[in-house]
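Below you'll find the structure, written out as C-alpha cells, and then a few comments.
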Amino acid sequence: MRVLHAAAEFFPFVKAGGLGDVAGALPRALQEIGLSVRILLPGFPTLLKGIEIRREVYWWPDLMGGGPARILQGRSPDGLTVYLLDSPFFDRPGGPYEEMGDSDRKFAAFSWAAAHLARHGDGSGWHPQLLHCHDWQTALAPVYLDQEPGNRPATLLTIHNLAYQGIYPGACLPGVWLGPQVFHMHGVEYYGQLNFLKGGLQFADRISTVSPTYAQEIQTPAFGEGLDGVLRFRKDSLVGILNGVDERVWDPATCPHLDAHYDVKLPSGKKVDKNMLQRQMGLQEDCEAPLFSIISRLAPQKGLDLVLSNVDYLVSLGAQLVVLGSGEPLLEAGFRAFAERYPGRVAVHLGYNEGLAHRILGGADALLMPSRQEPCGLTQMYALKYGAIPVVRRTGGLADTVVDTSEESLAKGTATGFCFDEPSSWVLGEAIGRAVHLFREQPRTWAQIQRRGMKQDFGWHAAAKHYRDLYASVIGGM
Ligand code: ADP
Ligand code: GLC
C-alpha cells in the first residue's frame with residue numbers, strides 16, 4: 001500500500017506540540033509493517049537544512065500569490081522519503097504558525113501541493129493510493145482533489161485538535177483558488193466564513209481522530225467546537241485511533257537527556273534524576289518531597305488555571321512543583337509569581353525545551369494534566385514510561401490511557417494514575433491530595449503503580465495496524 005502523509009510539523013525539525021511527534025513517528029511505524037509511506041512537509045528552514053535534498057519534483061512560477069514554489073524530494077536522517085514544499089511562505093523566522101496575515105494562503109498552498117502530489121505522483125513512478133492529511137493545515141487537500149475531474153487517490157483526515165480549524169473571512173475564497181461552488185453549508189462555508197477543517201471533514205473519504213473517547217466526545221456540542229453537527233453527520237466514517245509513543249525518543253533506559261538511566265528492573269536511577277532535576281531547577285534537594293510536574297503548551301484547553309488555584313495547597317502539603325511551558329501570558333505570569341513566592345518549592349521554566357522535558361519526566365514523581373479537552377495527549381504516556389504518575393482529568397485520550405487508583409483497581413492490579421471528572425480546582429485538589437497521601441503513606445503501593453505504568457505498551461505498532469486496516473478499507477471502497 002502506498003500512502004502519502006501531509007503534516008505541518010515533523011519531529012525533531014519542527015514541533016509545536018504532539019502533532020510533530022506523531023508525524024515524526026507514525027510513517028516509520030507504518031513502514032515497519034510493510035507499507036510504502038512518504039510525507040509532504042512545509043519547507044521550513046530547519047527542514048530544508050536537515051533533510052538531504054535529492055531532486056526537484058514540481059515547480060510553479062507562483063503558488064497562491066506566495067511567489068515561486070517547488071516540491072523537493074529528499075530523505076530524512078532515518079531514511080524516510082520526504083517531500084518539502086519550498087515556498088517563500090515558509091521561509092520565515094519564528095514558529096510554524098507565526099501569523100503574518102497570509103496563513104490562509106500559506107496553508108491552502110500546502111494543501112493544494114499535497115493534493116497535486118497525491119493525484120499526479122512524484123514523476124518517478126511513486127503514486128500514492130491514499131493521502132493521509134493531518135489537521136486543518138492540510139484539510140483543504142480533499143476539497144481540491146474533489147474539484148478536479150478524473151481518478152483521485154483516497155483521502156483520510158486525522159483531527160489532532162478540533163479547537164484549531166483555520167477560519168478566515170469568506171472573501172479569502174478566490175485567494176485560495178476555490179470557487180463559489182464549494183462555499184455552502186456542505187462545503188467549506190461556516191457561518192459566512194471559510195473553514196479549512198470543515199471543508200476537510202466534508203470532503204475526506206474517512207475521518208479519524210487520536211483517541212476513541214475523543215471520537216465520541218466531538219460528536220457532542222460540549223466538545224464539537226461548532227462542528228459536532230458535521231461530525232454526527234459523518235459518524236459512520238469517523239474512527240478514533242490512539243496515538244503511540246516513539247520509544248526511540250522516550251525511553252528512560254536510553255534517554256540521552258537523563259543523568260542516570262533506569263527501567264522497571266533497575267529503577268534506582270530515577271532517584272538520581274530527581275535529585276539532579278531539583279538541583280538544576282533550584283528546588284530544595286529533598287527526596288521525601290513529592291515532586292509534581294507540568295510540561296505543556298499553556299493554552300486554555302489544558303486546564304492549567306485549575307493548577308494555579310492549587311499551588312498554595314500543594315506547597316502546604318510539602319510537595320514541590322516544576323513547570324515547563326509557554327503560551328497564554330496570564331498563565332505564564334501566574335506560574336512565575338508562584339515561583340517567586342515559593343523559592344525552592346516551585347520552579348518555572350517558560351519556553352520550549354526538549355531536553356528539559358525529558359529531564360523533568362525523569363525526575364518527577366507525578367505529572368499534572370487537568371485538561372478540559374485532550375484529543376489524545378502524549379505527555380501522560382511519556383510520564384507513564386518515565387515512572388512519573390499522571391494526575392489527569394478523565395477526558396479524551398487521558399481517559400483511554402490512565403486508570404484511576406481505587407480499591408477496585410488496586411485489587412485488580414490495573415491502577416496507573418489518578419483521574420478526576422469535574423473540571424474544578426476543588427476536585428483537582430482532591431486528586432493531588434490522594435496522590436500525596438499515597439506517596440507518603442503507602443510508598444510500596446506507589447512504587448507498584450509506577451512500575452505498572454512503566455510496563456505499559458504504548459508503542460506505535462498497535463496504531464500502525466489500525467491505520468493499515470483503515471487505509472485498506474478506504475482504498476478497497478474506491
Ligand atoms: P499537545 O499536542 O496538545 O500540545 P501532547 O501531550 O499531545 O499535547 O503533546 C505535547 C508535546 O509537546 C509533548 O511531546 C511534550 O513533551 C511537548 N511539549 C509541550 N510543551 C513543551 C515545552 N515547553 N518544552 C518542550 N516540550 C514541550
Ligand atoms: C493535539 C492534541 C493532543 C494530541 C496531539 C497529537 O495537539 O492537543 O491531545 O496528543 O495533537 O495527536
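Residue-level analysis places Ala339 among those that are more than 7 Å from ligand 1 (Cβ to nearest atom) and out of contact with any Leu (no Cβ under 8 Å at 6 or more places or on another chain).
From the list Gly200, Gly166, which one is touching a strand residue (DSSP E or B) at 6+ places or on another chain (Cβ under 8 Å) and at positive phi?
Details: Gly200 fails: at positive phi.
When all the criteria are applied, what remains is Gly166.
To keep it simple, each residue is scored yes or no on (1) more than 20 Å from Phe292 (Cβ to Cβ); (2) in contact with a strand residue (DSSP E or B) (Cβ under 8 Å, 6 or more places away or on another chain).
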| site | (1), (2) |
| --- | --- |
| Leu378 | no, yes |
| Ser406 | yes, no |
| Leu428 | no, yes |
| His437 | no, no |
| Trp446 | no, yes |
| Ala462 | yes, no |
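Among what's in segment 242-260 and is within 16 Å of ligand 2 (Cβ to nearest atom) and touching a strand residue (DSSP E or B) at 6+ places or on another chain (Cβ under 8 Å), pick the residue that is nearest to Asp400 (Cα to Cα). First the steps, then the outcome.
The first filter runs over segment 242-260 and keeps only residues within 16 Å of ligand 2 (Cβ to nearest atom), leaving 242-246, 249-250.
Within this subset, residues satisfying the condition of being touching a strand residue (DSSP E or B) at 6+ places or on another chain (Cβ under 8 Å) are 244-245.
On the way: Gly244: 12, Val245: 14 Å.
Going through the qualifying residues, I end up with Gly244.
Is there a residue being in a loop (DSSP other than H, G, I, E, B), of a type outside the set (Asp, Glu) and under 20 Å from Pro96 (Cβ atoms) anywhere in segment 215-223? Walk me through how you get there before you give the answer.
In the first step, residues of segment 215-223 are kept if they are in a loop (DSSP other than H, G, I, E, B); the result is 218-223.
From the residues that got through so far, the ones that are of a type outside the set (Asp, Glu) too are 218-223.
Remaining after also requiring under 20 Å from Pro96 (Cβ atoms): none.
No, that holds for no residue.
Yes or no, residue by residue, for (1) in contact with a Cys (Cβ under 7 Å, 6 or more places away or on another chain); (2) within 13 Å of ligand 2 (Cβ to nearest atom); (3) without any contact (Cβ under 8 Å) to a residue 40 or more places away in the chain:
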| residue | (1), (2), (3) |
| --- | --- |
| Met369 | no, yes, no |
| Gly377 | no, yes, no |
| Tyr382 | no, yes, no |
| Ala388 | no, no, no |
| Lys412 | no, no, yes |
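Residues of segment 165-199 that are within 16 Å of Cys133 (Cβ to Cβ), touching a helix residue (DSSP H, G or I) at 6+ places or on another chain (Cβ under 8 Å) and among the polar types (S, T, N, Q): Gln165 alone.
So that you can scan it fast, the table gives a plain yes or no per residue for (1) touching a Phe, Trp or Tyr at 6+ places or on another chain (Cβ under 7 Å); (2) under 21 Å from Ala399 (Cα atoms):
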residue: Cys172; (1), (2): no, no
residue: Val182; (1), (2): no, no
residue: Leu197; (1), (2): yes, no
residue: Val245; (1), (2): yes, yes
residue: Asp259; (1), (2): no, no
residue: Tyr262; (1), (2): no, no
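Strands (runs of 3 or more DSSP E) fully within segment 104-190 that include at least 2 residues being within 16 Å of ligand 1 (Cβ to nearest atom), closer than 29 Å to Ser473 by Cβ and more than 22 Å from the chain's Cα centre (by Cα): none found.
Picking from Ser309, Ser316, which residue would you name as being among the hydroxyl-bearing types (Ser, Thr, Tyr), free of Cβ contacts under 8 Å to residues at least 24 places away in the same chain and away from ligand 1 (no atom under 12 Å from the Cβ)? Even if it seems obvious, please write down each step before you answer.
On the way: Ser309 fails: free of Cβ contacts under 8 Å to residues at least 24 places away in the same chain.
After ruling out the rest, the residue left standing is Ser316.
What residue, among those in segment 256-291 that are within 16 Å of ligand 1 (Cβ to nearest atom) and hydrophobic (A, V, I, L, M, F, W, C), is nearest to Met381 (Cα to Cα)? Taking the candidates together, the pick is Leu258.
Quick one: is Tyr471 part of a helix (DSSP H, G or I), surrounded by 17 or more Cβ atoms within 10 Å (Cβ to Cβ) and within 16 Å of ligand 2 (Cβ to nearest atom)? Before you say what the answer is, go through the steps one by one.
Numbers: part of a helix (DSSP H, G or I): yes; surrounded by 17 or more Cβ atoms within 10 Å (Cβ to Cβ): yes; within 16 Å of ligand 2 (Cβ to nearest atom): no.
Here the answer is no, as Tyr471 does not meet what is asked.
Flag not set for Asp86, criterion: of a type in the set (Asp, Glu) and either on the phi > 0 side of the Ramachandran plot or not assigned by TED's automatic domain parsing to the domain that holds Phe10 (or both). For Pro267, the conditions (1) in contact with a helix residue (DSSP H, G or I) (Cβ under 7 Å, 6 or more places away or on another chain); (2) touching a residue at least 60 places away in the same chain (Cβ under 8 Å); (3) surrounded by fewer than 16 Cβ atoms within 10 Å (Cβ to Cβ) all hold with the exception of (1). Among Gln129, Gln181, which is the only one that is within 21 Å of Met1 (Cα to Cα) and either more than 16 Å from ligand 2 (Cβ to nearest atom) or surrounded by fewer than 21 Cβ atoms within 10 Å (Cβ to Cβ) (or both)? Every option except Gln129 fails the conditions. Taking into account only those residues within segment 355-379 that are farther than 16 Å from Tyr262 by Cα and of a type in the set (D, E, K, R), which is nearest to ligand 1 (Cβ to nearest atom)? By that ranking, first place goes to Glu374. The listed residues are Tyr386, Tyr352, Tyr382, and the only one of them that is within 16 Å of ligand 1 (Cβ to nearest atom), surrounded by fewer than 22 Cβ atoms within 10 Å (Cβ to Cβ), aromatic (Phe, Trp, Tyr) and more than 16 Å from Glu217 (Cβ to Cβ) turns out to be Tyr352. For segment 412-424, the criterion of being over 27 Å from Asp263 (Cα atoms) and crowded, with 16+ Cβ neighbours inside 10 Å is met by at least one residue.
The values are calculated or read from the model by the stated rules, or taken from the named source; none is laboratory data. Given the structure is predicted, the values throughout are model-derived calculations rather than measurements. Cβ: placed from backbone, ideal geometry, glycine included. Neighbour counts: every protein chain shown.
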